[in-house]
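A.B. asks: I have a structure here, written as structure tokens, and I will follow up with some questions on it.
Read-outs throughout are calculated quantities, based only on the coordinates presented, and are distinct from any laboratory measurement. Treat the numbers as computed from the prediction; the structure is a model and nothing was measured. Virtual Cβ from ideal backbone geometry, glycine too; neighbours counted across all protein chains shown.
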Ligand SMILES: Nc1ncnc2c1ncn2[C@@H]1O[C@H](COP(=O)(O)OP(=O)(O)OP(=O)(O)O)[C@@H](O)[C@H]1O
Ligand SMILES: [Mg+2]
């Protein structure tokens, strides 16, 4: 019994790595652009479809398809920025939300028209391996490692380069950053491209785990938002921690009860934290 | 070095600056004094390119800059220490200084200049790993000035560096500003602390309700009856 619970915790930690990857792009977009990207999960969905087309229809090897997918979602991020986000940057928050909610409908219906309602997945059954009495799903382990590497690279970018530094600063004071000689437009483009690239990476690591369908996106958008809000909107470290909390809680609760009850428990924890700390685990109360 | 000519600026319909003209000579310290709401911050923001102008022009070494974007103006060598310092509270002290060296020309000299700024402000060196938001008011102002020096500017705009600081710290900061000027930096400072600010000045301007009322040298300002009565309190 104890062994099985430890096993569930291990799986939860692996899942946490996947969740962290899912949430980080959303968090970055909020921190830098104050953008609430409602269509984030749909971006992941589009990534999965692109991957599916490239692997199944075009017959490309997975690695090549993965690279193309990541590039395309990055470009998609920039296009969405030019067409939707940029024009609404100074508009009331509600207009932005409505525009992005509109994007959900566009993405979902487009997928429905092109690929139909079927569940589609790339056939690659990765094994479950036994390590010292514990059972570990390879697909989760790969996603976990990929997630950590991606987060590591993102960390290096944000903390070791001038552009990354200015992206962190711009979320604190836009005008102040302009006075340092930063062209904020560049930062916004780079951030939107990074957000797109991250959804592409998520899609690549999700591909062996999930099948994609036109309504795939919304549950992941919600999950990502819960993680980001729980950690503190815009706080990258907070999002990272809360991703692992969510991963372990759902995994252990699902083992002890059922996966439906696990979702309820995760939600209750979320609501509980929000009541005690509305700003999230690592969040800072807005002074302004 | 800096020439402002017949500049008018406003926020939408609401005009704040009217027909402002003045010059700042290379290597000098110019001080603009004036009461709350006179338009001092508006003027500095306009020079930095943050506000659109209604009419007039601004020249840096003879090149018009009034159409340029803020980041281009910084690249050209005008750095501003904004009102209240506006340091980045969630970046460390050293990261704030690194932000100052963002312009291309400043990056390669980052290490040398960092050393120099730490010599000027030893307290920043002691706190380099600390989040800037945890600094005291005086330390923040020093950080803001140090950050501006990191960009290797030709001209430094200072918006009320004495704001909200204890008299002793104000004296210290003004001394540092004077040292920086002696090292060859041109300074345009906006202040309400008229007496202390004028002591640093080569030239001074009085800005009242958006217009320049009096121009003159430090000596002329100290001798002026109106300035004495309304601003120095003698
Ligand atoms: N963003 C804004 N929108 C509209 N009006 C503004 C704005 N900022 C400033 N003003 C107005 O412009 C005028 C000048 O303001 P400014 O901040 O330039 O004054 P100041 O001389 O810097 O004052 P202080 O000494 O209090 O800093 C004021 O009447 C102010 O109300
Ligand atoms: Mg002001």
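A.B. asks: Does residue B:51 satisfy the condition of being closer than 16 Å to residue A:175 by Cβ, within 16 Å of ligand 1 (Cβ to nearest atom) and part of a loop (DSSP other than H, G, I, E, B)?
C.D. replies: Yes; evaluated as a whole, the condition is true for this residue.
A.B. asks: Test residue B:56 against the criterion of being touching a residue at least 12 places away in the same chain (Cβ under 8 Å), farther than 23 Å from residue A:183 by Cβ and outside any helix (DSSP H, G or I), and give yes or no.
C.D. replies: Judged against the criteria, residue B:56 is a match.
A.B. asks: Collect the residues in the range A:173-187 that are crowded, with 20+ Cβ neighbours inside 10 Å and facing another protein chain (nearest Cβ under 7 Å), keeping them in residue-number order.
C.D. replies: Hits for the range A:173-187 are A:176, A:178, A:179, A:180, A:181, A:182.
A.B. asks: Tally up the residues in the range A:165-184 that are within 23 Å of the chain's Cα centre (by Cα) and farther than 11 Å from residue B:102 by Cα, please.
C.D. replies: 6
A.B. asks: Select from the range B:123-167 the residues that are crowded, with 17+ Cβ neighbours inside 10 Å, within 16 Å of ligand 2 (Cβ to nearest atom) and within 14 Å of the chain's Cα centre (by Cα) and list them in ascending order.
C.D. replies: Answer for the range B:123-167, where residues must be crowded, with 17+ Cβ neighbours inside 10 Å, within 16 Å of ligand 2 (Cβ to nearest atom) and within 14 Å of the chain's Cα centre (by Cα): B:141, B:144, B:157, B:158, B:159, B:160, B:161, B:162.
A.B. asks: While we're looking at this one, here's another question. For the range B:66-156, list the helices (runs of 4 or more DSSP H) that sit wholly inside it and hold at least 1 residues that are facing another protein chain (nearest Cβ under 8 Å); which are they?
C.D. replies: Here the list reads B:70-76, B:93-100, B:104-107, B:137-149.
A.B. asks: Taking the range A:139-160 only, how many residues are closer than 22 Å to residue A:62 by Cα and either in contact (Cβ under 8 Å) with a residue 60 or more places away in the chain or part of a strand (DSSP E or B) (or both)?
C.D. replies: 12
A.B. asks: Of A:29, A:98, which residue is farther than 29 Å from residue B:90 by Cα and either in contact with a strand residue (DSSP E or B) (Cβ under 9 Å, 6 or more places away or on another chain) or part of a helix (DSSP H, G or I) (or both)?
C.D. replies: When all the criteria are applied, what remains is A:98.
A.B. asks: Also, I was wondering about something else. So, in the range B:2-22, how many residues would count as being assigned to a loop (DSSP other than H, G, I, E, B) and on the phi > 0 side of the Ramachandran plot?
C.D. replies: So the answer is 1.
A.B. asks: Among the residues of the range B:23-35, is any outside any strand (DSSP E or B), more than 21 Å from residue A:182 (Cα to Cα) and within 13 Å of ligand 2 (Cβ to nearest atom)?
C.D. replies: yes
A.B. asks: So, in the range B:85-122, exactly how many residues are surrounded by fewer than 16 Cβ atoms within 10 Å (Cβ to Cβ) and within 16 Å of ligand 1 (Cβ to nearest atom)?
C.D. replies: Result for the range B:85-122: 0.
A.B. asks: The conditions are (1) more than 10 Å from ligand 1 (Cβ to nearest atom); (2) within 14 Å of chain A (Cβ to nearest Cβ); (3) within 20 Å of residue B:185 (Cα to Cα), and residue B:45 fails exactly one of them. Which is it?
C.D. replies: (1)
A.B. asks: Let me ask something additional. How about the range B:194-210: which of its residues are surrounded by fewer than 20 Cβ atoms within 10 Å (Cβ to Cβ) and within 16 Å of ligand 2 (Cβ to nearest atom)?
C.D. replies: Scanning the range B:194-210 gives B:208, B:209.
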